[in-house]
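Enquirer: Below you will find the structure I want to go over with you.
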Amino acid sequence: MFQIIFNQISAAEMAALPKELQLELLAEFEILPEDLERSGDERFGVIERDGQKLYRYRASDYRIYFARSEQGIVVHRVLNRNTLRDFLFRARLPMPAEDEELGKERRFWELIEEGQKTGRRG
């Protein structure tokens, strides 16, 4: 069975949003595992480091960072594009190679790993 799993941090980030916005983001974040296998699908950015592949999906003013797992999709972070935290990751990145450069950014991966260490919520 395919699932979308939020770790504790991404679940808390979603819970902090108004319920209507949560529903809007989830409705917009319609994804199936086979969607990730299609090359050139412009809905997803791909960020890679040391063989780890992370995807970015833009939903409204938010960026949802997630990875594929055996159970389905694990959401690591849900960040507003207008937050200082998201800005700090992107401020020094050239626009054409944004995802490639983001994959090289140590602080970005620390943010993702923070969520991985907290465990998962189903």
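Computed from the coordinates by the stated procedures, all read-outs in this text should not be read as laboratory data. The shown structure was predicted, so the numbers you read here are calculated from the model rather than taken from an experiment. Ideal geometry is used to build each Cβ from the backbone, glycine not excepted, and the neighbour counts take in all protein chains shown.
Enquirer: Is it the case, given these coordinates, that residue 9 is assigned to a helix (DSSP H, G or I) and in contact with a Gly (Cβ under 9 Å, 6 or more places away or on another chain)? It would help to see each step written out before you state the result.
Expert: Working: assigned to a helix (DSSP H, G or I): yes; in contact with a Gly (Cβ under 9 Å, 6 or more places away or on another chain): yes.
In short, yes.
Enquirer: Moving to a separate point now. Output the residues belonging to the range 5-30 that are touching a strand residue (DSSP E or B) at 6+ places or on another chain (Cβ under 6 Å) and buried (at least 16 other Cβ atoms within 10 Å of the Cβ).
Expert: Hits for the range 5-30 are 5, 6, 7, 10, 11, 13, 14, 25, 29.
Enquirer: Can you pull out the residues in the range 12-25 that are in contact (Cβ under 8 Å) with a residue 12 or more places away in the chain and under 15 Å from the mean Cα position of the chain (by Cα)?
Expert: Matches in the range 12-25: 13, 14, 25.
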